[in-house]
Structure formats: C-alpha cells, structure tokens
Amino acid sequence: MSQRDTTCLVVDDSAVIRKVARRIIEEIGFLVSEAEDGANALEVCAEAMPDVILLDWNMPNKDGYAFLQELRRTEAGLKPKVIFCTTENDVGAIARALRAGADEYIMKPFDRDILTAKLEQVGVSARLDA
Amino acid sequence: MTDLDFEYLRGYIKQRSGLALTAEKRYLVESRLSPLCRRFGAASLHDLIGKLKTPHDKVLERTVVEAMTTNETFFFRDRLPFDLFRDTILPEALARNAGRRKLRIWCAAASTGQEPYSIAMLLQEAGARLSGWQVDILATDISLDVLEKARLGIYSQFEVQRGLPVQWLLKHFTQTGDQWQISPSLRAMVEYRPFNLLHGFEALGQFDVIFCRNVLIYFDAPTKSDILTRFGTSLAPGGALLLGAAETVIGLTDKLIPDAKHRGVYGHAPARPPALRAAVG
C-alpha cells in the first residue's frame with residue numbers, strides 16, 4: 001500500500017505560535033497548513049480536510065469551541081484528530097472541549113517532545129496509508 | 001575535578017548503585033555534583049569528593065548516588081509495553097492464577113511513580129475482571145527523593161501532558177492549583193519501597209510481572225547479567241519481564257529468553273532436559 005505525508009492544520013490567532021508549531025510539526029515530518037481563526041480554519045478544511053488539527057481555544061472571529069462544533073457536524077469533519085491548545089489547565093474547559101469533539105489536550109507553551117507524544121497518542125504518524 | 005577524583009567517583013557510584021560511568025560521562029558528573037558543593041560546605045568538587053572519602057556522612061553518600069541516577073519517566077512511556085500488558089500479559093496471568101486469585105507486579109525502578117500508576121490505571125480499568133483478586137504492585141527505586149514524590153502522586157502540567165490520555169487525566173486526577181494529584185484509590189494500589197537492585201531479591205518474593213525498563217542500560221555487562229539472572233529467580237512460572245527497547249537478556253543470562261511474539265518481553269528459558277544438562281555439565 002502506498003503512503004502519503006500526513007497533513008496538519010495549525011489554528012491560532014498568534015502568528016508567533018503558528019510559526020513555532022509549524023517548525024516543530026514540519027520537523028516531525030508533517031505537511032503543515034495554517035489558519036488564523038475558526039472561520040479561516042473552516043475554509044481551509046472545506047478545501048482539503050487535514051488529518052490532524054492543532055486548535056487554539058481562545059480566538060476572535062469564531063473560537064476553537066465554535067469551530068469544533070461546526071466541524072464535527074459534517075461527516076468529513078469527523079475524520080481529523082483534534083488536539084486543542086490553551087494557556088490554562090481548567091478542568092471545566094478541558095471537559096467542555098472533549099464534549100465538543102476534541103481528542104486530546106495540550107497546554108501552551110509546548111515543545112517537540114510533548115507534541116510528538118500527543119500526536120502518537122491520537123494515533124497519527126508522519127506517514128499514513130494513502 | 002582531577003582524573004583521580006573522577007576515577008574515585010566512578011568506583012564509588014558503581015559500588016553503591018551499579019551505575020557505570022564511562023569517561024564521556026565526566027561532564028555529567030560535574031554538572032550534577034557541582035550544585036551539591038554549597039549544600040555540603042565543600043569549596044570545590046575535589047573538596048566534596050574528599051568528604052566522601054570520610055565515610056560518616058550517610059546523607060552525603062545517598063545524595064551523591066541519587067544525583068547520578070536518571071529519573072526520566074512519563075505515563076505510559078513507549079505505549080506498546082502497556083498495550084501488551086493490558087491485552088496479553090494481564091489476561092494470561094489472570095488465567096494462570098485463577099485458582100489463587102493473586103497477582104504480584106514489581107516496578108523495579110519506579111522513579112517518580114508514572115510507571116506504577118500507569119499499571120494501576122490499567123488494572124483499575126480492567127474492573128470486574130479483577131474483582132475478588134489480591135493485586136500487589138510493588139514499586140521500588142534507589143532514590144528516596146523520587147519515591148517521596150511518587151507517594152504523593154502530584155504531577156505538573158508538563159508531566160501529565162507526556163503520555164497520559166486526557167480522558168484519564170480527568171478521570172483519575174484532581175486539579176490542585178497548577179498541579180494534578182492522582183486519585184487516593186490509585187495511590188493505595190501501589191506500595192513504594194526504597195530498594196537497591198544490587199541487593200538480594202529473595203525477601204521481595206516472586207512476581208508475575210516485572211517491569212524494569214530503561215534501567216539496565218546504565219549498568220555494565222556483569223551487573224546486567226547478575227540482575228537479569230536474579231530476575232529469572234524472582235519471576236513466577238509463566239511470568240513476564242519487560243525491559244526497555246534498547247535492552248535485552250541475550251548474551252547476559254540463560255535463565256530468560258525473549259518472547260517470540262512480543263518485543264521487549266522476556267520469560268523463563270525452558271529447562272534443559274536432564275540428559276543434556278549432564279552432558280553439558
């Protein structure tokens with residue numbers, strides 16, 4: 001069976017966070033796309049659904065929660081693994097994100113080790129069966 | 001630190017913990033022991049090593065040895081060994097011990113507790129299958145400091161992010177400020193005890209499963225051989241020893257052999273027939 005590169009969408013309103021995340025995820029071997037908020041992320045997903053989404057929670061113009069609810073309503077939107085990222089570790093917020101359809105949770109700032117571990121945990125590697 | 005100081009330390013650490021410090025670990029010795037100088041009133045590493053030679057300060061002795069141990073660990077480290085434990089090793093042990101309904105597990109280098117608690121979580125998730133069973137998890141480590149942390153079961157955000165599924169974080173931990181504490185029921189499942197792997201295992205009894213992952217890599221071949229052979233005696237019939245991915249029993253003991261189907265898992269070598277034993281001597 002042939003294989004292809006795994007695609008990851010980084011959704012964050014901070015250009016700095018997107019840049020850092022892109023560098024780490026590209027080093028791991030994923031193809032990376034970016035979106036600056038939830039609305040932009042839905043547009044990117046409509047064009048090409050990624051395999052995994054690294055999703056910021058607090059964003060203007062459709063936050064992570066609203067994006068995830070909308071994404072998970074569509075059949076194609078059930079496919080990506082979603083790791084949501086916050087700067088807080090509030091139990092209520094984590095539980096709410098899981099109910100909305102997130103697969104994992106990561107607190108910012110994160111490093112390569114943690115991100116790699118989380119990607120493994122949700123079962124995605126740099127190459128997937130095509 | 002002079003060459004003689006380093007040689008003295010190498011012997012000192014090896015004798016007390018089994019850790020084999022190669023010449024290229026000199027930087028590690030300096031970086032880990034230098035911070036101890038002020039605490040023990042030593043002007044330099046040379047001075048600190050001089051104090052070690054006066055064998056009356058047990059705290060200094062313990063602190064120096066513990067400073068050289070590596071305590072890297074995280075929940076469900078490498079994942080595969082824990083999947084194997086849940087899906088194969090545990091069901092087989094339950095079938096084997098169904099008569100006496102007792103299961104004993106040993107984490108031989110428990111560090112700060114993530115490994116024994118990972119096992120405890122899997123056992124708790126097994127639920128009804130273990131109802132009526134006596135399950136012992138013995139978690140040992142040479143370092144008193146890491147065992148103290150393990151007993152408390154309090155972890156930072158960084159520690160719970162490494163390997164622990166978020167659903168289990170919410171299920172088994174309570175948030176206390178910036179940290180997370182594992183549930184009292186899981187803490188109660190694990191018995192922590194200081195233990196040096198160079199010492200005899202007899203008093204610990206036999207175990208159905210022994211986890212000793214990423215520990216032997218720090219020992220030289222004779223020490224590995226000795227420990228593995230003694231694990232062979234501590235392992236109950238049909239039991240499983242789990243080592244780290246870079247570790248093996250091959251060429252080190254004839255008591256244990258790799259599990260043909262599962263990488264990183266080792267069991268008893270079959271007993272040689274009497275005739276062959278006699279022939280071999």
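Rule-based calculations on the coordinates, nothing more; no lab input. Keep in mind the model is a prediction, meaning the values are calculated, not measured. FYI the Cβ positions are ideal-geometry reconstructions off the backbone, even for glycines, and counts take in every protein chain you see.
Okay, here's what the table says:
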read-out	value
Cα centroid separation, region B:215-264 to region B:50-118 (Å)	14 Å
Other-chain or far-sequence residues with amide H under 5 Å of B:Ala139's (modelled H)	B:Cys107, B:Glu191, B:Tyr192, B:Arg193
Equivalent ellipsoid dimensions for region B:71-199 as semi-axes, Å, which come from the Cα gyration tensor, largest first	23, 18, 13
Set B:Lys25/B:Lys51; A:Lys19/A:Lys81; A:Lys118/B:Lys25; A:Lys19/A:Lys62; B:Lys224/B:Lys255 screened for pairs whose C-alpha atoms are more than 23 Å apart	A:Lys118/B:Lys25
³J(HN,Hα) computed for each position of region B:117-122 - Karplus, 6.51 cos²θ - 1.76 cosθ + 1.60, integer Hz, glycine/proline x	6, 4, 5, 4, 5, 4
Whole-Hz couplings from phi, Karplus 6.51/-1.76/1.60, listed for region B:98-107; x for Gly and Pro	4, x, 9, 6, 9, 9, 10, 10, 10, 9
Peptide B:147-158, shielding by other chains (average Cβ, 10 Å cutoff)	1
Dimensionless Rg ratio for region A:1-78, taking C-alpha atoms and the 2.2 N^0.38 Å reference	1.07
Built amide H within the under 5 Å cut-off of A:Glu34, gap 5+	A:Val10
Taking region B:3-67 and dividing mean pair separation by its residue count, relative contact order in percent (alpha carbons under 8 Å, at least six apart)	31 percent
Shape call, chain B: gyration tensor on alpha carbons, a/c limit 1.5	oblate
For region A:3-129, diffusion coefficient by Stokes-Einstein and Kirkwood Rh (Cα), 4 °C, 1.567 mPa s, µm²/s	91 µm²/s
When the convex hull of its Cα atoms is projected in every direction, mean area for region B:3-67 (nm²)	3.9 nm²
Peptides B:124-136, A:67-79 ordered by average Cβ neighbours within 10 Å, highest first	A:67-79, B:124-136
Relative contact order of region A:3-129, pairs being alpha-carbon contacts under 8 Å that are 6 or more residues apart, as %	28 percent
Reduced Cα scattering model of the protein assembly as shown, Debye log10 I(q)/I(0), q = 0.07 Å⁻¹	-0.43
J(HN,Hα) series, region B:15-31, from Karplus relation 6.51 cos²θ - 1.76 cosθ + 1.60, nearest Hz, glycine and proline x	5, 8, 10, x, 5, 9, 9, 7, 4, 6, 8, 4, 4, 5, 4, 5, 6
Peptide A:86-97, shielding by other chains (average Cβ, 10 Å cutoff)	2
Residues with amide H under 5 Å from that of A:Val82, placed H, sequence gap 5 or more	A:Ile53, A:Asp103, A:Glu104
Gained length - B:Leu130 relative to B:Glu92, 0.36 nm times residue gap less alpha-carbon distance	12.4 nm
Region A:30-68 residues near the modelled A:Asp90 label - backbone nitrogen below 14 Å, point 7 Å along Cα→Cβ	A:57-59, A:64-65
For A:102-115, mean number of other protein chain Cβ atoms within 10 Å	3
